[in-house]
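These notes are about the structure you will find just below.
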Amino acid sequence: MTSPDRPPSAERILDLLIAYQGSAVLKTAIELDVFTAVGEGAGEIGAISRRIGASERGVRALVNYLASLDLLAHDGARYSLTPESARYLDRHGPHYIGGSAAFYDAPAIIDAFADLKESVRRGGSGIGGTDSTTPSHPIWVAYAQAMAPLFARPAASLAEIVVREVPRPARVLDIAAGHGLFGIAIARLVPTATVTALDWPEVLPVAAAHANDAGVGDRFRTLSGSAFDVPLGTGWDVALLANFLHHFAPETCEELLRRVRASLAPEGTVALVEFIPNEDRVSPPSVAQFGVTMLATTSHGDVYTFSELARLLERAGFQAPKLHPLAHTPQRAVIARR
């Protein structure tokens, strides 16, 4: 939000107009593994250049830009990692998320934003863009492969909430599972729980690999197809809908929620994970801005406030929706009983 005490300036507007340059710099640094090279001791321009196989002129321009963003520190002779880049951008860091660039900067996403003017006019993904809700759209394989590290800690946070609400979840259905981390986190927390991941057939092997890596592969099942068409079965203790409803119009969300409710055990629970703006719909900024992502990449998707999600759940027959913060993410969870 603009401060009324700040004098008018064109600087912020110009920064926004060239923001794509900063994105290109960061993506290039990730792809060349600059942060890992610096983290392993290549601190001078020449050393970084030799390590990543790039010209000294190119490296100098790149690392100075990164230093201007506080993603590298510079003492006049050597470059070093900042706490932020050491944690998230060095491949040896404890929470490396550099791989997420493969999804955020995927051609389908870039093309969608290049056609944003048409999306605004049409009220949905433009002619030259992408509708990510197309069956088996390849973007979801990229999502499942690239985004798991980003969701590991939020998934663990959700698992703790779910177990508080459902003390012994034996059967978990993870709808549009993608990377599978949300269901896997519950399986790791509850040794008796089995998880069935529902997604497109091209995506499920990625989720299954993550389950094996997490040591829960023997309790991880897969179900291939569309969440709107494939039989969901019955008797689930928990149904997960993480990062899914925002792709669809309210009436489509309600239709799906009715299907999910019918699949749950009598004491079953649904858990949503969403970008949920405040009721003013413009805060927090990163959450409210996600609405444009849905405009550019879907035909009918949107961000929904808690009151809107609660009404959808209640119309679908669910009771007592509760809003929960999640750790390590601006997203929030909504839990409701059957």
Exercise. Of all residues in region 33-52, which are of a type outside the set (A, V, I, L, M, F, W, C) and assigned to a loop (DSSP other than H, G, I, E, B)?
Worked result: Asp33, Glu40, Gly41, Gly43, Glu44
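Take the conditions over 21 Å from Leu312 (Cα atoms), touching a helix residue (DSSP H, G or I) at 6+ places or on another chain (Cβ under 8 Å), polar (S, T, N, Q) and at pLDDT 95 or above and apply them to Thr222. Does it pass? Can you show your working first?
Working: over 21 Å from Leu312 (Cα atoms): yes; touching a helix residue (DSSP H, G or I) at 6+ places or on another chain (Cβ under 8 Å): yes; polar (S, T, N, Q): yes; at pLDDT 95 or above: yes.
So Thr222 fits the description; yes.
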Seminar exercise, completed: Those residues of region 269-322 that are among the aliphatic types (A, V, I, L, M) and over 30 Å from Ala170 (Cβ atoms) come to a total of 8
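Quick grid of which residues meet (1) hydrophobic (A, V, I, L, M, F, W, C); (2) more than 30 Å from His179 (Cβ to Cβ):
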| site | (1), (2) |
| --- | --- |
| Ala77 | yes, yes |
| Ser80 | no, yes |
| Arg91 | no, no |
| Pro94 | no, no |
| Ile97 | yes, no |
| Ala112 | yes, no |
| Glu118 | no, yes |
For this session: Taking the residues in region 307-323 that are surrounded by 18 or more Cβ atoms within 10 Å (Cβ to Cβ) and in contact with a strand residue (DSSP E or B) (Cβ under 8 Å, 6 or more places away or on another chain) as candidates, determine which candidate is nearest to His246 (Cα to Cα).
Result: Leu309
Exercise. Among the residues of region 2-22, is there at least one that is in contact (Cβ under 8 Å) with a residue 12 or more places away in the chain, closer than 21 Å to Ala146 by Cβ, of a type outside the set (Asp, Glu) and not in a helix (DSSP H, G or I)?
Worked result: no
Exercise. Can you tell me how many residues in region 178-195 are in contact with a strand residue (DSSP E or B) (Cβ under 7 Å, 6 or more places away or on another chain), surrounded by 20 or more Cβ atoms within 10 Å (Cβ to Cβ) and of a type outside the set (A, V, I, L, M)?
Worked result: 4
Problem set entry | Residue among Val163, Val206 that alone is of a type outside the set (S, T, N, Q), assigned to a helix (DSSP H, G or I), out of contact with any strand residue (DSSP E or B) (no Cβ under 6 Å at 6 or more places or on another chain) and more than 21 Å from Phe103 (Cα to Cα) | Val163
Problem set entry | Within region 112-134, considering residues that are over 24 Å from Leu245 (Cβ atoms) and in a helix (DSSP H, G or I), the one nearest to the chain's Cα centre (by Cα) | Ala114
Exercise. Yes or no: Thr130 at pLDDT 95 or above and not assigned by TED's automatic domain parsing to the domain that holds His247?
Worked result: no
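So which of Ile109, Ile30 is in contact (Cβ under 8 Å) with a residue 40 or more places away in the chain, in contact with a helix residue (DSSP H, G or I) (Cβ under 6 Å, 6 or more places away or on another chain), surrounded by 19 or more Cβ atoms within 10 Å (Cβ to Cβ) and assigned to a helix (DSSP H, G or I)? Lay out the reasoning, then the answer.
Values: Ile109 fails: in contact with a helix residue (DSSP H, G or I) (Cβ under 6 Å, 6 or more places away or on another chain).
Only one candidate qualifies: Ile30.
At least 1 residues that are assigned by TED's automatic domain parsing to the domain that holds Gly178 and farther than 24 Å from Trp200 by Cβ in each: list the helices (runs of 4 or more DSSP H) lying fully within region 227-338 that qualify. Give the steps one after another, and end with the answer.
Details: elements: 250-263, 285-288, 290-297, 306-315.
The qualifying helices (runs of 4 or more DSSP H) are 285-288, 290-297, 306-315.
Would you please name the residue that is nearest to the chain's Cα centre (by Cα), looking only at residues in region 158-177 that are under 28 Å from Pro94 (Cα atoms) and buried (at least 22 other Cβ atoms within 10 Å of the Cβ)? Let's see the steps before the verdict.
Residues of region 158-177 under 28 Å from Pro94 (Cα atoms): 158-164, 174, 176-177.
Narrowing the set further to residues that are buried (at least 22 other Cβ atoms within 10 Å of the Cβ) leaves 158-159, 162, 174, 177.
Numbers: Leu158: 14, Ala159: 17, Val162: 19, Asp174: 15, Ala177: 12 Å.
Only one residue fits best here, namely Ala177.
The values are calculated or read from the model by the stated rules, or taken from the named source; none is laboratory data. From a predicted model like this one, the values you see are computed outputs, not experimental measurements. All Cβ positions, glycine included, derive from the backbone under ideal geometry; neighbour counts span all protein chains shown.
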